[in-house]
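The values are calculated or read from the model by the stated rules, or taken from the named source; none is laboratory data. The model shown is predicted, which means the values in this text are computed figures rather than measured ones. Neighbour counts are summed over all protein chains in view; Cβ atoms, including those assigned to glycine, are modelled from backbone coordinates with ideal geometry.
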Amino acid sequence: MKRCFLFPGQGAQYVGMGKDFYDHSPEVRELFSNASDLAGFDVPGLVFNGDEEEIKATDRSQIAITTVNLSVRRVLALRGITSAAAAGFSLGEYSALVDAGVLAESDALALVVERGRIMESVSRSLDSAEGSPGMAAVMGIDVDAIQHALSEAGIGDVYPANLNSPVQTVLSGSASGLREAEPVLKQAGARRVIALKVSGPFHSPLMSEARDRFADVLSGVAFSDPAKPFYSNVTGDLVNTGEEARRNCAEQLVAPVRWVDEEAEIASAEFDELLEVGPGEVLSGLWRAYIKANPSVTVPCLPAGTVEKISTVMV
């Protein structure tokens, strides 16, 4: 079975999830313990008992999300289920980098701790009397229509951040920019504009300081060449070397997530099956939207976010 693993990011609902993996496997409990040591707080307590407001802070959510994703990967491996290729959405790329042999698991966990701290610090420096910067999902119009509407209205500090599907784009921006954008986008044809539960304007030029600070952190970590095909959010294409992966990790903080382009590359590789390796079904849903727009693509994407669902996956 030729599979590609897809690792979700902060679009998934993580509060309370992963408990079945934690209870099921001593290997997962070991992973959570390692993550807690690196983060300096109780990661199981946050994931299993924290509230949505607490886990929304990116210095908390990033290590929690990555730990849950890697827990799912560990349980799959215990069942003999491995990948032929890997991709991750936004933060999910760090789990994919582990799966592709680019980063050691311990290095990936340490990096997301620092990534979260830096991004939270920079995001809070962008707070103003008008509120905190953030992100919003726009449904029903494509990214070209969004950019045209924002340009015509003269709205600045709002940028396409996640290119999820032809009719779903996530924007990052300042509090005032996102407020001004909502009525403009609805007038342009958007069905809905939904504020996301995140603490900063990720994947946008507003995170330039975070990119520069994180690049210094990345310079001290070993990146190997991918041991299997690994797809990049920054380019939407395959990554060939560890150095390219390192550069992309910094650039990802300011560049949009080109998920539709990645999906096209994954579809062209003719996998037998895709697995969403993490809780929820965000990426499975985006894949269904992709194949609806591209009927010649028939490979399924199966969620593997619970021990019960993993038990149905064929070795």
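If I filter the range 128-175 down to residues being free of Cβ contacts under 8 Å to residues at least 24 places away in the same chain and part of a loop (DSSP other than H, G, I, E, B), which single residue comes out as surrounded by the fewest Cβ atoms within 10 Å (Cβ to Cβ)?
A129
Can you tell me which residue is farthest from S204 (Cα to Cα) among those in the range 258-315 that are assigned to a loop (DSSP other than H, G, I, E, B) and among the acidic types (D, E)? Even if it seems obvious, please write down each step before you answer.
Going residue by residue through the range 258-315, those that are assigned to a loop (DSSP other than H, G, I, E, B) are 258, 269-272, 277-281, 294-300, 304-306, 311-315.
Remaining after also requiring among the acidic types (D, E): 270, 272, 281.
Working: E270: 32, D272: 34, E281: 25 Å.
Selected residue: D272.
Could you tell me whether the range 81-88 includes any residue that is crowded, with 19+ Cβ neighbours inside 10 Å, more than 19 Å from the chain's Cα centre (by Cα) and either of a type outside the set (F, W, Y) or closer than 23 Å to C4 by Cβ (or both)? So that I can check it myself, show each step before the final result.
Of the range 81-88, the ones crowded, with 19+ Cβ neighbours inside 10 Å are 81, 83, 85-88.
Applying the additional criterion that residues be more than 19 Å from the chain's Cα centre (by Cα) yields 81.
Right, trim to either of a type outside the set (F, W, Y) or closer than 23 Å to C4 by Cβ (or both) and you get 81.
Yes, there is a match, as at least one residue in the range 81-88 is crowded, with 19+ Cβ neighbours inside 10 Å, more than 19 Å from the chain's Cα centre (by Cα) and either of a type outside the set (F, W, Y) or closer than 23 Å to C4 by Cβ (or both).
Residues that are polar (S, T, N, Q) and surrounded by 23 or more Cβ atoms within 10 Å (Cβ to Cβ): does the range 200-219 have at least one? So that I can check it myself, show each step before the final result.
Taking the range 200-219 first, the residues polar (S, T, N, Q) are 204, 208, 219.
If we keep only those that are surrounded by 23 or more Cβ atoms within 10 Å (Cβ to Cβ) too, we end up with 204.
Looking through the range 200-219, at least one residue is polar (S, T, N, Q) and surrounded by 23 or more Cβ atoms within 10 Å (Cβ to Cβ).
Would you point out the residue of the range 176-196, among those that are in a loop (DSSP other than H, G, I, E, B) and touching a strand residue (DSSP E or B) at 6+ places or on another chain (Cβ under 9 Å), that is surrounded by the fewest Cβ atoms within 10 Å (Cβ to Cβ)?
Restricting to residues being in a loop (DSSP other than H, G, I, E, B) and touching a strand residue (DSSP E or B) at 6+ places or on another chain (Cβ under 9 Å), the top hit is R191.
Against the condition surrounded by fewer than 24 Cβ atoms within 10 Å (Cβ to Cβ) and either over 18 Å from V198 (Cα atoms) or touching a Gly at 6+ places or on another chain (Cβ under 7 Å) (or both), how does S71 come out, does it pass?
No: the conditions fail for S71.
Looking at the range 30-41, which of its residues are out of contact with any Asp or Glu (no Cβ under 8 Å at 6 or more places or on another chain) and under 16 Å from R117 (Cα atoms)?
A35, D37, L38, A39, G40, F41
Quickly run through the range 267-314 and pick out the residues that are β-branched (V, I, T), touching a helix residue (DSSP H, G or I) at 6+ places or on another chain (Cβ under 9 Å) and surrounded by 14 or more Cβ atoms within 10 Å (Cβ to Cβ).
Pass one, the range 267-314, residues β-branched (V, I, T): 277, 282, 291, 297-299, 306-307, 310, 312-313.
Imposing the further condition that a residue be touching a helix residue (DSSP H, G or I) at 6+ places or on another chain (Cβ under 9 Å) reduces the set to 277, 291, 297-299, 306-307, 310, 313.
Of everything in the range 267-314, those that are β-branched (V, I, T), touching a helix residue (DSSP H, G or I) at 6+ places or on another chain (Cβ under 9 Å) and surrounded by 14 or more Cβ atoms within 10 Å (Cβ to Cβ) turn out to be V277, I291, V297, V299, T306, V307, I310, V313.
Here is a list: G242, G236. Which entry is touching a Ser or Thr at 6+ places or on another chain (Cβ under 7 Å), in the same structural domain as P295 (by TED's automatic domain parsing), more than 30 Å from D20 (Cα to Cα) and buried (at least 16 other Cβ atoms within 10 Å of the Cβ)?
G242
Have a look at S172, S121, S151, S165 and point out the one that is assigned by TED's automatic domain parsing to the domain that holds E93 and either of a type in the set (S, T, Y) or at pLDDT below 95 (or both).
S121
Out of the residues in the range 110-127 meeting the condition of being of a type in the set (A, V, I, L, M, F, W, C), within 12 Å of F202 (Cβ to Cβ) and in a helix (DSSP H, G or I), tell me which one is farthest from the chain's Cα centre (by Cα).
Checked the range 110-127; the qualifying residue farthest from the chain's Cα centre (by Cα) is V122.
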